[in-house]
Each structure stands twice: as structure tokens, then as C-alpha cells.
Amino acid sequence: MTDGTTQEAIEAVWRLESTRLIAGLVRIVRDVGLAEDLAQDALVAALQQWPTSGVPDNPGAWLMTIAKRRAVDQFRRSDRRDQIYAAMAREQGSEMSEEDFLGAVDHVEDDVLRLMFVCCHPALTSEAQCTLTLKLVGGLTTREIARAYLTTEATVAQRVVRAKRTLADAGAALEEPSEAERAERLTAVLGVIYLLYNEGYSATAGSEWLRPALCDEALRLGRILTALAPRDPEVHGLSALMELQSSRIAARTAADGSPILLLDQDRSRWDPVHIARGLSALDRAMTSAIDLGPYALQAAIAACHVRAETAEATDWVRIAELYEQLARLTGSPVVEVNRAVALGMAYGPEAGLELLDQLAGLPALQGYHLLPSVRGDLLAKLGRHDEAKAEFARAANMTQNERERSLLLDRASETS
Amino acid sequence: MRFMALLKFDESLPGGPPPPELFQAMGEYAAEGARNGTLVDQGGLLPSAAGAIVSLVDGTIKAVDGPFTEAKELVGGYAVIEVRSKAEAVELAKRLMQIHKDHWPGWQGSCEVRQLGES
């Protein structure tokens, strides 16, 4: 059963069209809440008419026409809208007629990017940014978002309402970011996409199979952003990073669900399609950037692992260099701990320990269990077993994760 | 979920080369696929005269150069798309047919939509 216009076919059109529909409407009405309401009205009209009339040849244009017509109705009726349109007319330097309004040309790229910027507005909490991005840019339903976040639909709906109110109060949809702001907002968008990705990637709670949806959604948003802002190297850097991490999804858990560390993974299980896409995105990031940004650097590190046929063949010297650049860029002590691991692999355990000793007093690393854990590892390699044992025990006391704790306690008792 | 869409048609049907409007519309279609994140990879294929078929029948491996005159429908292009339902893949394939209907009068063919097995 494929022909005939079913609810399923209409939903498929909606998923393909909702982003640019809402994005175009935001440009026209300058109000995220109103834009979404109008888009929903158009969807309701489609659900009423298409089962008998069939899906029109250009369903996107059909939905847009209906939504714009509704907008004009609103525009005629409401004082508040009048104020919005008066403000818009002032901004554009002329009165806006109904014809202008209906004939407003499509600037899809600008529209969708603006929608992304609005969804990641600095006035919103990070949680609200993620939810709105999934809803308005990703086209996910409240129900789907609730499933991905293991929460209730009511909670998500509430979050969306509150976020829209915050945006309206901030006048978020009315502003056009300046060139300098644009860079900042793009960074925020990249951050939200990567956060969504990581929530999917490192999920430990709930039924596992629900969460990969977040990874897929983040990858898709990354691809969209690549089309919208192709000249920004970090856009490609982020895509590369997510693709390369995705290539390892199947290999990073054992049959019993326990995690397999990168160096112990069966490399034949890494997905070549993701790898190819990741490496070509990294190429684009590297050719368009003078200095690599944080996402491109992390992708370049992931690429070193992917390019090594065996764990032993890993180019640790290069990885240590990349971590050094990353540490300089981010000033993150956690990155330094990773660099210590790479140094240990590249130049021997003493080199790693030397760096760790410099980090030991940093307040940011108090309670960070990987510091003693890495230290223990390096000490064990040097044959300083008593010290190593003490470090593993210390790390075990610091971690909140049960599986990790037992792993560390095992190592403590094995070391002698 | 990923799907492979295979565009198929009968090479021997008259109609001449595709009109430039088709290329332009196909370009738009691909750009839209990039913008909404559905298009992962795509390519058009040259006529079968430029290809070959390698077969294994009754224990014999044989290579035959194109054109493949005996085949009724041949793959002329492909796309790998990433969507969230089969209905979405079908909708995208319908749009592809619509483009051919609008810009290449008399053209006939099909788009086979197949889900990729994923590890």
C-alpha cells in the first residue's frame, strides 16, 4: 500500500517541508510562536484536504500558500500583529502591502540559518536550545522529543512554550545578527548540535535503542548546516567529528553491553561509509581553514585512529601535537590529560607523567577521576606498582559510574 | 534509515538527450536534498554503452561490454538518502518523477527505493 494519500504520506511531506516552512514564516512574521502556529494550521488543512484531493505537485508551496493566507488573516485581525508589521515596515523603509507579503521571495538558506540562530539564542537555556532545535529545525514531534529525552510529552511541550515566550520577550526573531555576532551564534549552533550528538552517543540511561535517534538527528542537522554555511570550516569540522565518532558505534559495546575501549575495538567493525564521509568533511575543513578550530582538531585526532590499521600503528606523535593545539585553543585541563596519554604512547610513560605532574594542582581537575586513572596507567607501565595501585584506588573512589568503578578496582588488585 | 534510490528507464526509447531544463531542475532537487539533510550521495550514470556486465552463470564468469540492448529497464542514476520513514523516501522519489514529468516530455521510467541494511 503506497498510493492514496495516507496520514503517513502527509507526515512524510511534513517532515521534509516543515523546517523551511517555519523558517520562511519566521522571516515574514518575525515571531517564532506565530510562525509555528501558522505552519500547524497549514498541516491541519493538508490533513483535511489531501486524503481526497491527493498530495499536490508542489506540496511545500501549497503549505506555504495556506500558511501565508492565514498570516494575512491574522494580520488583518490583530492589533498586536499590526504592531509587528508596522515595526517590519519601518525596518524595511516602506509600507508592506499584502502583495509584497504573499510574494515574499524564498531565501531558504538564510531563512533556515536564521531559524537555527533563533533556536540557539543566548537568552535560552541549553536545554531549551536543544528542544527548540529538535522541534523547529529537526521537525520532530513533541512525542518524539519526549522519547529521545526519556521524559513526558507534557514536559517537552511546557519547555517549548516557555522557550517561545523567552524568545518573544527578547525580540529574538526581529534581530539580524551582525557579522561578529553571526560567528558567535554559529558557534552556539555548533555547540547545540554537538550536545545533541553526545546525548545520543554517550547515553547510558534508558532503553538503548531510542537514543541513536539523537545521533542521527545531529548528523542530519550537521549536514544541513554544511549546506547553509559551507564557508565556515568548523561546520565541516563538526560534521567530520560526528561522522568519525559514528563509525565506531557498532564496535564500542560488547554483546553483554559492556564498553570496549577504543584501542581494544575490532576495527573491521568500524563503518566505512561514516569514515569516508568524515574524512572528506575533514579535508574540506582543513582546506578552508588557516588554523583548525576545536571541532576540526578533534576530528583530526579521530582521523588518526581511523587511519591506523591496527592499534599499534596509531600515529601518537601526531595525536599529541593535535592535543597540544587543542589545549592551546580551549585552555581545557581535560584536554591536557588526554595529551598526557598521547605523550605517554608517543614518547614513553615518563613524558606523560611529566605533564600530569604539572596538572596535579589544578582546581579544575579536583575530583576528575581520569587524572589518577591515567597516572596509574603510566606508573604501572614504569613498573612503579605500589604507586599505580594507590592511584587506581583513588580513581575508583572518585567515579560515579559503577561499571567504571569495578573496572578500576580490578586494575588496582591486578597491579602488584 | 538509509535508502538507495535507483532511477530506471528504457534506454532504447526515443526521446533524445535530456533537455537542459531537466539538468537545472535536478540541480535544484539535489540542492534541496542537501538543505534538508536527506541527500547523502548521488550520481548520474552514462549510457550503458560505456559500461559492462560481469556475470557468473553455470560456473562461468563472463564479461560483456555495453550497450545492454536486451535489458528493458536500466539504472540511469542513483541517490543514497537518509530519512526517518519509508514514506519519506517514497515522497522524495515521487518528486523525482514529477521533475521528469515537468521537464522531459514523453519520458517514462521508475525509481526503485530500497532500504539499506545497517550494522
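The values are calculated or read from the model by the stated rules, or taken from the named source; none is laboratory data. Predicted model, so just to flag it, every value in this text is computed and none were measured. Because the Cβ atoms are built from the backbone with ideal geometry, glycine has one as well, and the counts that use them run over all protein chains shown. Areas reflect the complete protein model, heavy atoms only, side chains present, ligands, DNA and RNA absent. Shrake-Rupley method; radii C 1.70, N 1.55, O 1.52, S 1.80 Å.
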Neighbours of residue B:54 by Cβ distance under 14 Å: Lys/Arg at +1, Asp/Glu at -1, summed charge 0
Which value in deg cm²/dmol, rounded to the nearest 500, describes the helix-derived mean residue ellipticity at 222 nm for chain A, given -39,500 (n - 2.57) per DSSP H run of n ≥ 4 and division by the residue count?
-23000 deg cm²/dmol
Comparing the chain by itself with all protein chains present, which residues of the stretch B:77-114 are at least 20 Å² less accessible (probe 1.4 Å)?
B:82, B:84, B:87, B:88, B:90, B:91, B:94, B:95, B:98
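List the GluC sites (Glu not before Pro) within the stretch A:233-335 that DSSP assigns to loop and that have no more than 13 neighbouring Cβ atoms inside 10 Å.
A:309
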What does the accessible area of residue B:23 come to, in Å² to the nearest 10, when a probe of 1.4 Å is used?
130 Å²
Quick one: net charge of residue A:164's neighbours, Cβ under 12 Å, K/R +1, D/E -1?
0
Given 5 Å bins starting at zero, what is the percent of C-alpha pairs of chain B in each, up to the one with the largest pair distance?
2, 10, 18, 22, 17, 14, 10, 5, 2, 0
For chain A, the helices passing both cut-offs (Cα extent along own axis of 30 Å or more, Kyte-Doolittle mean at least -1.0, full DSSP H runs) are A:32-53, A:179-201
Nearest-0.05 FRET efficiency for residue A:255 and residue A:405 at R0 = 25 Å, using Cβ-Cβ distance, is 0.70
At the nearest 100 Å², what buried accessible area, both sides summed, do you get for B and A when the probe is 1.4 Å?
2200 Å²
Normalised contact order of the stretch B:1-92, rounded percent, pairs of Cα under 8 Å and 6 or more residues apart
48 percent
Share of Cα-Cα pairs in the protein assembly as shown beyond 40 Å, in percent?
36 percent
From the cross-link list A:164/B:94; A:135/B:86; B:72/B:101; A:135/B:101, the entries with a Cα-Cα span beyond 30 Å are A:164/B:94; A:135/B:101
For the protein assembly as shown, report the accessible area per residue in Å² (1.4 Å probe, heavy atoms, rounded to an integer).
50 Å²
Relative contact order of the stretch A:274-339, please, whole-number percent, based on alpha carbon pairs below 8 angstrom and at least 6 residues apart.
26 percent
How would A:226, A:287, A:125, A:155 line up by accessible area, probe 1.4 Å, largest first?
A:287, A:125, A:155, A:226
Accessible area of the stretch A:198-349 with a 1.4 Å probe: how many percent of it is carbon plus sulfur?
55 percent
Could you compute how much accessible surface residue B:102 exposes when probed at 1.4 Å, giving the result in Å² to the nearest 10?
90 Å²
For residue A:386, the accessible surface traced by a 1.4 Å probe with all protein chains present amounts, in square angstrom to the nearest 10, to 130 Å²
